[in-house]
Amino acid sequence: MDAFETMQKHYQQRDLAARKWKEKGGKVAGYFCNNVPEEMILAAGFFPFRISGDPWGGTEVADRYTEPFYEPDVRSMFNMLLTGRYDFLDFLIIPHSRDAILALYYHLGKVQQIAPTLKLPELHLFDTPHTRFWMSGLYMRDRVRELKKKLEEWSGQEISNERLSKAIAIGNENKMLLKKVAALRAAEPPRISGVEALQIIGSSMFMLKEEHNKLLRQFLTEAARLPAKDGVRLFVEGSPIDNLQFYELVESGNATIVGEDNCWGNRYSDDPVDVSLDPLEAIAERYHLKSPCPRMHPMDRRVEYCLRSAVEAKAQGMIFFFLEWDNALAWEYPDQKKALEEKGIPTVCFEMQKYLLSDPERERLRTRIEQFVEAIGMDKKSARSAHARHAAQ
Amino acid sequence: MSEVRSVSGQPKAGSGQGDRSVKQLRSSVEAAAYQKEWFKKTRERISEGDPFALAQADTPHEIFLTMDIPVVPVQWWSAVIAAKRLSAYYFDLMNERGYQRNLCRYCCLPLACTMDHNPERAPWGGLPKPTVLLAELTCDSHSKIFHLWAREYGCHFFPLECSASTVSYSRWWERIKHHWDEVIEPHRLDLRVEELKALIRFLEVTTERTFSHAKFVEIMELENEQEEYFKKTRDLIAETVPCPVNLADQFASTMNPQWHRGTQWGRDQARMFYEEVKERVNKGEAVCKNEKLRLMWIGAGLWHNIAFYQYFEEKYGAVFVCSIYLSIAADGYARDCLNDPLRALASRHLSMGEHLRQPDWLVKEAKLHKVNGAVMIVAENCIRDVGRRFTQIAFEDAGIPLLTIYADVVDAREWDDDKIKSQVSSFIEERLLS
């Protein structure tokens, strides 16, 4: 099995490595979003495991406790926690990221009161601020210290600076290698597809980072031999995408997704931790000031980030993909659309999308994507002809 | 009532729903008149160069009051726009500007109104440009709405962090007045105090006014007196059968003084409300002499259709006797300053949103008011409502039937009056009268 196939296997069988770790006597700390310092979990000697949803897994148990308009990916994660799909977790760290994720902390507590026999991992709320102000940074620093204390309590051992620095080095290497993967997508022509990229990036959050780094190094060594991808270059903005349905649909036509702005994609590998600082201070600063997650104020940074990322990826078109009820992102959409179109990048928007795409929905999306891609292709062709005519004159 | 038209000029379906509500209390009529007059005078002051703030309802208005800076609460303004039946027009406008239809409404209606830049259409001539916008980032959308709003006005937005509670303090209402420093975690209070200090300095710099500590303490004390009247009023309404005051009056006589909390007018108005209710109780006056059922309304007021509540009084003798507004005024605001009034103020709003939604507190209020059933309005565009099923479960466990209706409190476009009345009627007939 080559490096990519191994990463693909871990993307598909997400609990594989964590369960093996557990079988060997290790402990697993689950977390949501990319706002929890994985480095600290690793330094505590635990397996850091990012929680994701399952579009095919149903939400029957979660539906008993939440309204139908709860964001569907988070509803799925909630359901998986309630039905034992994450029974290998010893601890669970819930950040104050988007509202739907924070709500999980309270929902799990309430369900535990209603159903005391339900087995849940021990919970910790990591209360991250939503502004970049210095004062909020101090609050973040205190919360990072609090998390360290909690991890030490769970593990029964102190997390030394040395252990932290080592974990930071592993995490930074992972980010650096993933940036090289991102560069392969931004290359002309791209060398890997969006579907492949999501699996490479995502598997990093389901495996031990050192193992993942080995695979990435191996994969990158062989990257020169990767076949060129063709088709219109598209960028995806919008909701976190923790599965392949939409990317497979887009890339089944004449298009390649060369980048995205979400925490299961390229944004995950931004901003290494500054190794010149005290490790805990550096972690606090990195997770406070990193590339803007949609929860962060002000939204202008999000608009600028989206535009810059699309331009750097040499995107010819932008797809906005919003899961149903994931509303916060949609406030940025008119500004992002305007900024992109001013740069000559056309956009198409799919709002209120289901987490599990039905066959009719897939067909509807496929038709609209094909039309969008075709229109970009025609524009490109006519621009080339105009350029040729101009050169001939 | 004039016909409301959509942006494209077409008459709006669903914008002429229901009749106007009937207010029975002098205090609520006077409060509404005062509010309108206050708004007019405030406009005059602003036109002469006075500063002015627009702030979320659950933010420390007391800071502005101390500095004699008029403040308009966003939710109140949203309710005014909805009550004037302009929400459909403004939301259509927003949608035409590229903002999706499924976004939150209650907190963004004033933004939509501002985007119109047409004072002639806006209620009471619209809001002038504020000096500052203030909001706690209590949901993902707040930071975006206020950012866009500040841009629309060309003014500053001062965001307050919304730190998250790590513990759910049960029976908070018994401890919050005197022991708020136990109910709210110290690290959250520390951050909010620092933010309030920063806000004060920001206002001192931008308005060249000084924050008077003595005046601030006086405001905090006046506010405690005001909330004490609300507590007495709530208790009186809760114990009196049949109910002496309808929900429309309760809204007006609570919310208007609350938006001027800490002023002498606010305190006096709360006292007037209490005395008027007491007088009605003594005289045996009731909303509905033939009261058969007592209902609780959970969620924000149905601002675009306040008359909705009266329909069930007439049809079934079913009276809505309580809502979160008077109840939270009674239980959630008063603070013993414990020699640190700024920290006490910080504690007032930090967990209010969470306390308002805590199922145990809602059940306590339902029992206190001896309700037979509850109707809970849930907005599909409000992330903070996603956990409302826990309220449903708590009510059912307490033996109090609860009906959930899905609708928006300010957006009249999707309100189907017949359908919702039919849902509530079926609930009454099948679960409360059978």
(message) Could you check the spin-label model distance between A:N161 and A:D274? Points 7 Å from the Cα along Cα→Cβ, value in nm.
(response) 1.6
(request) For a label point 7 Å from the Cα of A:D90 along Cα→C-beta, name the residues of the stretch A:21-54 whose backbone N is under 11 Å from it. (result) A:22-30, A:44-48
(request) Apply 1/(1 + (r/R0)^6) to the Cβ-Cβ distance of B:S170 and A:R141, taking R0 = 41 Å, and write down the FRET efficiency to the nearest 0.05. (result) 0.85
(request) Could you check which residue among B:T207, B:T131, B:T166 shows the biggest mean-square fluctuation in a GNM of chain B with a 10 Å Cα cutoff? (result) B:T166
(request) Send over the Kirkwood Rh of chain B, from the inverse of the averaged 1/r over different Cα pairs, rounded to one decimal Å. (result) 22.2
(message) How would B:I328, A:I114 line up from fewest to most surrounding beta-carbon atoms within 10 angstrom?
(response) A:I114, B:I328
(message) Given points 7 Å out from each Cα along the Cα-Cβ axis, report the A:K214 to B:E120 separation in nanometres with one decimal.
(response) 7.6
(request) Write down the Å³ per residue value for the convex hull defined by the alpha carbon atoms of chain A. (result) 150
(message) Test of the criteria: in the stretch A:1-107, which chymotrypsin sites (Phe, Trp or Tyr not before Pro) are in a DSSP loop and have at most 14 other Cβ atoms within 10 angstrom of their Cβ?
(response) A:W56
(request) Two decimals is fine: what is log10 I(q)/I(0) at q = 0.12, 0.16, 0.18, 0.19 Å⁻¹ for the stretch A:99-222, from a Debye sum with one equal scatterer on every Cα and no solvent? (result) -0.75, -1.08, -1.14, -1.15
(request) When a/c is below 1.5 the answer is rounded, else prolate if a/b is larger than b/c, else oblate, so apply that to the stretch A:158-206 with a ≥ b ≥ c taken from the square roots of the Cα gyration tensor eigenvalues. (result) oblate
(message) Between A:A339, A:A310, A:A29, where does the largest GNM mean-square fluctuation fall for chain A, given springs only between Cα atoms within less than 10 Å?
(response) A:A339
(request) Over the whole of A:124-131, what's the average partner chain Cβ count within 10 Å per residue? Rounded to a whole number, please. (result) 5
(message) If R₀ is 30 angstrom, what is the calculated FRET efficiency for the pair B:K40 and B:S426, using the beta carbon separation as r and rounding to 0.05?
(response) 0.10
(request) Under 1.5 on a/c is rounded, so check that first for the stretch A:25-159, then, if it is not, pick prolate when a/b is larger than b/c and oblate when it is not; a ≥ b ≥ c are the square roots of the alpha carbon gyration tensor eigenvalues. (result) oblate
(request) Using label points projected 7 Å from each Cα along Cα→Cβ, tell me how many nm separate A:L123 and A:D300, to one decimal. (result) 3.7
(message) Through the Karplus equation 6.51 cos²θ - 1.76 cosθ + 1.60, θ set to phi - 60°, convert the phi angles of the stretch A:183-189 into ³J(HN,Hα) values in whole Hz; use x for Gly and Pro.
(response) 5, 5, 7, 7, 5, 10, x
(message) Starting from 0.36 nm per residue, how many nanometres of slack lie between A:E374 and A:N254 once their C-alpha separation is accounted for?
(response) 42.4 nm
(request) Taking a cut-off of 20 Å between Cα atoms, list the lysines near B:K129, but don't count ones fewer than 8 places away on the same chain. (result) B:K36, B:K40, B:K41, B:K144
(message) Per-residue Cβ counts within 10 Å, from other chains only, averaged over A:57-70: what number is that?
(response) 4
(request) Identify which of A:A282, A:A17, A:A115 has the largest mean-square fluctuation in a Gaussian network model of chain A, with springs joining Cα atoms closer than 10 Å. (result) A:A115
(message) Please give me the summed charge of the neighbours of B:A300: other residues whose Cβ is under 15 Å from its Cβ, Lys and Arg +1, Asp and Glu -1.
(response) -1
(request) Can you tell me how much longer the chain between A:E188 and A:A169 gets when fully stretched, taken as 0.36 nm per residue apart minus their C-alpha distance, in nm with one decimal? (result) 3.8 nm
(message) Can you work out the Karplus-derived ³J(HN,Hα) for every residue in the stretch A:210-226? Use 6.51 cos²θ - 1.76 cosθ + 1.60 with θ = phi - 60°, whole Hz, and x for glycine or proline.
(response) 4, 5, 5, 4, 4, 5, 5, 4, 4, 4, 5, 4, 9, 4, 4, 8, 5
(message) Set the bar at 20 Å for Cα to Cα. Now go through A:K27/A:K110; A:K179/A:K314; A:K110/A:K148 and name every pair that lies beyond it.
(response) A:K27/A:K110; A:K110/A:K148
(request) Report the relative contact order of chain A, percent, no decimals, based on alpha-carbon pairs under 8 angstrom and at least 6 residues apart. (result) 18
(message) Just to confirm a number: summing +1 for Lys and Arg and -1 for Asp and Glu over residues other than B:N95 whose beta-carbon lies under 12 angstrom from that of B:N95, what do you get?
(response) 0
(request) Would you calculate, for the protein assembly as shown, the mean residue ellipticity at 222 nm contributed by helices, counting each DSSP H stretch of 4 or more residues as -39,500 (n - 2.57) and dividing by all residues, to the nearest 500? (result) -16000 deg cm²/dmol
(request) Could you work out the mean projected area of the convex hull around the alpha carbons of the stretch B:89-221, in square nanometres to one decimal? (result) 11.1
(message) Largest first and in whole Å, what are the equivalent-ellipsoid semi-axes of the protein assembly as shown based on the Cα gyration tensor, each being the root of 5 times an eigenvalue?
(response) 47, 31, 27
(message) Can you report the principal axis dimensions of the stretch A:318-381 using only the alpha carbons, biggest first, rounded to whole angstrom?
(response) 35, 27, 9
(request) Provide the gained length on full extension for the span B:N339 to B:K419, in nm with one decimal, where the gain is 0.36 nm per separating residue minus the Cα-Cα distance. (result) 23.5 nm
(request) Quick one: grab the alpha carbon gyration tensor of the stretch B:160-229, order the square roots of its eigenvalues as a ≥ b ≥ c, and give me rounded if a/c is under 1.5, else prolate or oblate depending on whether a/b is larger than b/c. (result) oblate
(message) Tell me the net charge near B:N246. Cut-off is 9 Å between Cβ atoms, B:N246 excluded, with +1 for each Lys or Arg and -1 for each Asp or Glu.
(response) -1
(message) For a Förster distance of 35 Å, can you work out the FRET efficiency between the beta-carbons of B:D190 and B:Y406, rounded to the nearest 0.05?
(response) 0.35
(message) Ignoring solvent entirely, what values of log10 I(q)/I(0) come out of the Debye formula for the stretch B:236-341 at 0.12, 0.13, 0.15, 0.17 Å⁻¹ when each Cα is a single scatterer?
(response) -0.44, -0.51, -0.66, -0.83
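Bear in mind these aren't lab numbers, they're just calculated from the coordinates by the rules spelled out. Small disclaimer: the values here were computed from a predicted structure and weren't measured. Note that we place each Cβ from the backbone using ideal geometry, even for glycine, and neighbour counts take in every protein chain shown.
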